[in-house]
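Presented below is the structure to which this report refers.
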Amino acid sequence: MGTQDSSPQRQDRKRHRARIARLEADIAYFQARLEFIGDPENTNQLAQRKVFKALHKSVANKILNAKKDYSEML
């Protein structure tokens, strides 16, 4: 007989929390890269800045959706 800790719902919540944490770590990385690039001095940095901004926006939307899904699980 399983304990409450191993219930499928609890496992799903753990997975969602881990997913959110990974996405938040990605956001922190993208923010750090954008800070490091600063004001682009060449076309390569400009391209990197555009990519990191797009990734940041995409991951931010994923976090919002994951948090919404998580709140619905509670």
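The values are calculated or read from the model by the stated rules, or taken from the named source; none is laboratory data. Here the structure is a predicted model, which is why all the values come from computation and not from measurement. Cβ coordinates were reconstructed from backbone atoms using ideal geometry, including for glycine residues, and neighbour counts include every protein chain displayed.
Miscellaneous remarks
- R10 being surrounded by 11 or more Cβ atoms within 10 Å (Cβ to Cβ), within 16 Å of the chain's Cα centre (by Cα) and on the phi < 0 side of the Ramachandran plot: no
- Each residue in segment 1-53 was checked for being closer than 18 Å to L64 by Cβ, of a type in the set (D, E, K, R) and either out of contact with any helix residue (DSSP H, G or I) (no Cβ under 8 Å at 6 or more places or on another chain) or not in a helix (DSSP H, G or I) (or both), and 2 pass.
- Members of segment 39-74 found to be among the small types (G, A, S) and either over 30 Å from D12 (Cα atoms) or exposed (fewer than 14 other Cβ atoms within 10 Å of the Cβ) (or both), listed by number: A47, A54, S58, S71
Yes/no matrix, rows are residues, columns are (1) touching a strand residue (DSSP E or B) at 6+ places or on another chain (Cβ under 6 Å); (2) modelled with pLDDT under 95; (3) basic (K, R):
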| residue | (1), (2), (3) |
| --- | --- |
| S6 | no, yes, no |
| Q9 | no, yes, no |
| D12 | no, yes, no |
| A32 | no, no, no |
| V51 | no, no, no |
| K57 | no, no, yes |
| A66 | no, yes, no |
